[in-house]
Amino acid sequence: MIENLVEITVDQLLAETSKSKYEGYRFITATCADNGDDTIDILYHFDKDYEMKNYRVTVKKGEEVPSISKIFFCGVLVENEMKELFGINITNLAIDFGGHMLLSEEELDSPMLRRQITIEKRGGK
Amino acid sequence: MSSTTVIPFGPQHPVLPEPLHIKLVMEDENIVEAIPAIGYVHRGLEKLTETKDFTQNVFIVERVCGICSVMHAMAYCQGIEELMNIEIPDRAKFLRVIWAELHRIHSHLLWLGLLADAFGFESLFMQVWRDREKVMDIMEETAGARVVISANTIGGTRRDLSKEQMIKINLTIDEIKKDLEQVESVFLNNYTVKHRLVGRGILTKAEAQELCTVGPMARASGISMDLRTTGYSAYGKLDFEPVIHNDGDNYARTYVRLKEVYQSIDLIKQAIAKIPEGEHVVPVKGNPPKGEVISRVEQPRGEVLYYLRANGTKNLERLRLRTPTFANIPSLMKMLPGSQLADVPLLILTIDPCISCTER
Amino acid sequence: MFKMMGNIFKNLVSKPATRMYPFVKREPFENSRGHISGCDIDKCIFCGICQRKCPADAIVVDKAEKSWEIDQFRCVICNACTEACPKKCIISSSTHKTSQYNKDTLKVIQAEKPTEGVGKDA
């Protein structure tokens, strides 16, 4: 079970993150999970003296999410990864790799979302 | 007005165990800016775990990284056991600790050898890896394989250790301790080695806290953070303290990792003395119920976090892992500007980069 | 200077730390997982549990044809099949898997004799 889980909205995200930094919390990572019904859950994990605090934000696909990399610089890698693998629209990144940090140009974009992909077979070899 | 040149610290480099690309923007010999680029070993393992059973996932998760593979399996098994409310026997907890500490010794000895190779001291590299071979032989004899040992399963461990094997482990780690005392004076007191290590790549305590570093890098800058003191598995019954150094340069990180090998040897001896009798595995039936869980474990490189979400079927809905090198790379971007080109390979090695963990 | 003499003398007298491979090979330990060398086809009941447990999808069991095959290049030698088999008929040997020349000759297909046990009472 996850301890200290708080549900917040996208607008409260930056305020809560600044408050955690002021209180001395350390940012661990952010997790993304596809709920299967057109919404995506983003969880942010913080830690202080081995006690965790987690925030959950639920967004629709395509909605804008502000980046926390101006507050915690170490979040820049995680947010780039979320943007590439899940297609979440994150704005104001401190360093933006433009969708090519992990994936190359020939691959499908947002491979971690649950979607139906149809492959057409052309006749002949 | 000096002009800038851009030198690629390419994906292939003799010093790196895994491919990592860094663009160095330089003026004469000093580095002004460093931009990393990862993505050479991305295998998409998180998506693969959504298609396999939760029992087959143990084998996939172990193969995320070769050097820290036992702790990955341990964190995953602990997470599933908490989700399904399974209580594993005490003997299994101690066995997991013994294999985890042996793995930590092998990982730190590998790093010490690579460090010696990075500043050109090849015979020291060979000496340290000779001792590492003894640890690999123990792992092959007790668990079945040298590197990816597959000793953990859900509900306990797959094999047991007999009394003769435990006596043999004790004798072997005594030999390793004696050899290490000779090598220690070269790493810590030699004049030329100290010239390359002292005063380079300084990361102060405030910077380390701001960049959220974990593991031996944080402990070498003075932050006392070791997840083993929270007492998961059998660590609550063993008695040890985190190893800290206050300087924050390359020498401090070498010191911390060397002393942690001694600490692991001591932990294995304590665990073998205190191990209780009993079963080593409990049978597991059924599927994980709906819910989510977070489990954290201390790997040789720092703290790893596992997030598991299950929905009642035999496949997991989401498995997310964040490895310690992922958290240490931003501090590399802050440490490199201001240093010289000849120090760059050593600096990158001191964060202990495990790139295949970073981009599973 | 004199501390070195003890080390030099010890190095001159003791034998080297390496062995002359490939003339001298190392004996593998008894419980080590080398490779899956095959299956005792007379005991196999073709239940298919090993096929379900394999994490690499390397085993294919065919009940109609009575055959058991393994793709040696996919196998990661985890021994999950050996532990899961109810009749304990999968044989795992401790010598290390060596490299091969052809990819297609590595499937070990063995067919069971269909009329076994009929002539035993006679």
Check your understanding: Any idea which of (1) free of Cβ contacts under 8 Å to residues at least 60 places away in the same chain; (2) within 20 Å of residue B:90 (Cβ to Cβ) is the one residue B:232 doesn't satisfy?
Key -> (1)
Exercise for review: Take region B:176-210 and flag every residue that is acidic (Asp, Glu) and within 13 Å of another protein chain (Cβ to nearest Cβ).
Suggested key: B:179, B:207, B:210
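So how many residues does region A:38-54 have that are more than 13 Å from every other protein chain (Cβ to nearest Cβ) and either under 27 Å from residue B:328 (Cβ atoms) or over 13 Å from the mean Cα position of the chain (by Cα) (or both)?
Going through region A:38-54, the residues more than 13 Å from every other protein chain (Cβ to nearest Cβ) turn out to be A:38-39.
Then keep just the ones that are either under 27 Å from residue B:328 (Cβ atoms) or over 13 Å from the mean Cα position of the chain (by Cα) (or both); that gives A:38.
So the answer is 1.
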Check your understanding: Pairs under 6 Å by beta carbon, first residue farther than 20 Å from residue B:49 by Cβ in region C:55-81, partner outside any strand (DSSP E or B) and of a type in the set (Asp, Glu), six or more apart or different chains?
Key -> C:66/C:112
Review point. Which residues, taken from region A:14-37, are away from chain B (no Cβ under 12 Å) and over 20 Å from residue A:76 (Cα atoms)?
Key: A:23, A:37
Review point. Quick one: residue B:286 ticks every box in (1) at positive phi; (2) of a type in the set (Gly, Ala, Ser); (3) in contact with a helix residue (DSSP H, G or I) (Cβ under 7 Å, 6 or more places away or on another chain) bar one, so which box is it?
Key: (3)
Review point. Which of (1) within 13 Å of another protein chain (Cβ to nearest Cβ); (2) crowded, with 23+ Cβ neighbours inside 10 Å; (3) touching a strand residue (DSSP E or B) at 6+ places or on another chain (Cβ under 9 Å) does residue B:331 not meet, given it meets every other one?
Key: (3)
Review point. Inside region C:32-51, can you point out the residues that are within 22 Å of residue B:53 (Cβ to Cβ) and within 14 Å of another protein chain (Cβ to nearest Cβ)?
Key: C:33, C:36, C:49, C:50, C:51
Exercise for review: Kindly provide the set of residues from region B:239-260 that are more than 17 Å from residue B:105 (Cα to Cα) and outside any helix (DSSP H, G or I), ordered by number.
Suggested key: B:239, B:244, B:245, B:246, B:247, B:248, B:249
Practice item. Being farther than 20 Å from residue B:321 by Cβ and among the hydrophobic types (A, V, I, L, M, F, W, C) is the filter; apply it to region A:69-78 and report the residue that is nearest to the other protein chains (Cβ to nearest Cβ). Key: A:73
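Residue by residue, here is whether (1) in contact with a Phe, Trp or Tyr (Cβ under 9 Å, 6 or more places away or on another chain); (2) among the β-branched types (Val, Ile, Thr) holds:
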| position | (1), (2) |
| --- | --- |
| B:214 | no, yes |
| B:233 | yes, no |
| B:255 | yes, no |
| B:262 | no, no |
| B:265 | no, yes |
| B:269 | no, no |
| B:276 | yes, no |
Exercise for review: Return only the number of the condition from (1) more than 14 Å from every other protein chain (Cβ to nearest Cβ); (2) surrounded by fewer than 16 Cβ atoms within 10 Å (Cβ to Cβ); (3) part of a loop (DSSP other than H, G, I, E, B) that residue B:233 does not satisfy.
Suggested key: (2)
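I'm trying to understand the selection: among the residues of region B:56-89, which are in a helix (DSSP H, G or I), among the polar types (S, T, N, Q) and within 13 Å of chain C (Cβ to nearest Cβ)? Please lay out each step first, then the result.
The first filter runs over region B:56-89 and keeps only residues in a helix (DSSP H, G or I), leaving B:57-62, B:69-84.
Filter again for among the polar types (S, T, N, Q), leaving B:57, B:69, B:78.
The answer is B:57, B:69.
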Review point. For region C:1-92, which fully contained helices (runs of 4 or more DSSP H) count at least 2 residues that are among the basic types (Lys, Arg)?
Key: C:2-13, C:49-53
Check your understanding: What residue, of B:124, B:114, is touching a Pro at 6+ places or on another chain (Cβ under 8 Å) and part of a helix (DSSP H, G or I)?
Key -> B:114
Review point. Before we move on, is residue B:251 within 24 Å of residue B:165 (Cβ to Cβ) and of a type in the set (Ser, Thr, Tyr)?
Key: no
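Can you tell me which residues in region B:111-129 are under 22 Å from residue B:69 (Cβ atoms) and crowded, with 19+ Cβ neighbours inside 10 Å? Explain how you work it out, then say what you get.
Filtering region B:111-129 for residues under 22 Å from residue B:69 (Cβ atoms) gives B:111-115, B:128-129.
Selection gives B:111, B:112, B:113, B:115, B:128.
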Review point. Out of curiosity, is residue B:290 within 11 Å of another protein chain (Cβ to nearest Cβ), surrounded by fewer than 18 Cβ atoms within 10 Å (Cβ to Cβ) and either touching a strand residue (DSSP E or B) at 6+ places or on another chain (Cβ under 7 Å) or closer than 30 Å to residue B:49 by Cα (or both)?
Key: no
Practice item. May I ask you to say which residue of B:132, B:104 is crowded, with 17+ Cβ neighbours inside 10 Å, in contact with a strand residue (DSSP E or B) (Cβ under 9 Å, 6 or more places away or on another chain) and modelled with pLDDT of 90 or more? Key: B:104
Practice item. Keeping to region A:59-68, report how many residues are touching a residue at least 24 places away in the same chain (Cβ under 8 Å), more than 13 Å from chain B (Cβ to nearest Cβ) and either of a type outside the set (A, V, I, L, M) or not in a strand (DSSP E or B) (or both). Key: 6
Check your understanding: Got a sec? Which of B:264, B:221 is among the polar types (S, T, N, Q) and either within 11 Å of chain A (Cβ to nearest Cβ) or not in a helix (DSSP H, G or I) (or both)?
Key -> B:221
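The values are calculated or read from the model by the stated rules, or taken from the named source; none is laboratory data. All figures in this text were calculated on a predicted structure; none of them were measured in a lab. When we count neighbours, we look across all protein chains shown, and the Cβ atoms used for this are built from the backbone with ideal geometry, even at glycine.
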